[in-house]
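Just below is one structure, and these are the notes that go with it.
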Amino acid sequence: MGSDSDWPLVKKACETLEKFGVSYETRVISAHRTPEVAIEYSKTAEARGLKVIIAAAGGAAHLGGVLAAATVLPVIGIPVAGGALNGLDALYATVQMPSGVPVATVAVGSAGPTNAALLAIQILGTADADLRAKFHAHKEELKAKVAVANDKIHQS
């Protein structure tokens, strides 16, 4: 994450990863204040066994792009709401990567961290049948919640 103020948001992604039994690491790395750290982190991520990087940043939100520039691993950006544009600047900065440097981008707001983690899980699941089975179960849980909500509405 670009700042420790992003932790409450990033924590939601961590909780989702934990639910699926996916290990992770967290760091505060600023694309602007510690660019050397960002590049080194990204360059060494594959050798440390990482498979996907999730980057949360607000404002100029260059963290996802800087990390993506220095690795072949998939990078998922979480644009963080805040500031004068309430996250619109972060969304544009995260989603508008130049050709050759993709950063998958999820929603601004509370759905973003969960969806970033779920997308990472889906990516990891392409090579992990157990994780893919857990994701299938997750989808069934979502269907069941909708069915319960539908029944609740029709009973009132």
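The values are calculated or read from the model by the stated rules, or taken from the named source; none is laboratory data. Small disclaimer: the values here were computed from a predicted structure and weren't measured. Heads up, the Cβs are rebuilt from the backbone with ideal geometry, glycines too, and the neighbour counts pull from every protein chain shown.
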TODO: Keeping to region 116-133, report how many residues are touching a residue at least 12 places away in the same chain (Cβ under 8 Å) and crowded, with 16+ Cβ neighbours inside 10 Å.
DONE: 9
- [ ] Using the structure shown, decide if A13 is in contact with a strand residue (DSSP E or B) (Cβ under 8 Å, 6 or more places away or on another chain), surrounded by 12 or more Cβ atoms within 10 Å (Cβ to Cβ) and in a helix (DSSP H, G or I).
- [x] yes
Task: Considering residues of region 1-10 that are in a helix (DSSP H, G or I) and hydrophobic (A, V, I, L, M, F, W, C) only, the residue nearest to L119 (Cα to Cα) - done: V10
TODO: Could you please tell me which pairs satisfy a Cβ distance under 9 Å, a separation of 6+ or placement on different chains, a first residue in region 1-22 that is in contact (Cβ under 8 Å) with a residue 24 or more places away in the chain and closer than 21 Å to A81 by Cβ, and a second residue that is of a type in the set (D, E, K, R) and part of a loop (DSSP other than H, G, I, E, B)?
DONE: M1/R27; G2/R33
Open item on the list: Need the failing condition index for G65 against (1) touching a helix residue (DSSP H, G or I) at 6+ places or on another chain (Cβ under 7 Å); (2) over 30 Å from K134 (Cβ atoms); (3) of a type outside the set (F, W, Y), just the number.
Closed with: (1)
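Looking only at region 83-115, how many residues end up being touching a residue at least 40 places away in the same chain (Cβ under 8 Å) and either farther than 19 Å from A69 by Cα or touching a Phe, Trp or Tyr at 6+ places or on another chain (Cβ under 6 Å) (or both)?
Qualifying residue count, region 83-115: 4.
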- [ ] Being over 16 Å from the mean Cα position of the chain (by Cα) and either closer than 22 Å to L131 by Cα or at pLDDT 95 or above (or both) is the filter here, so list the residues in region 45-62 that pass it.
- [x] E46, A47, R48, G49
Task: Residues within region 56-82 that are under 14 Å from V101 (Cα atoms) and touching a residue at least 40 places away in the same chain (Cβ under 8 Å), tallied - done: 4
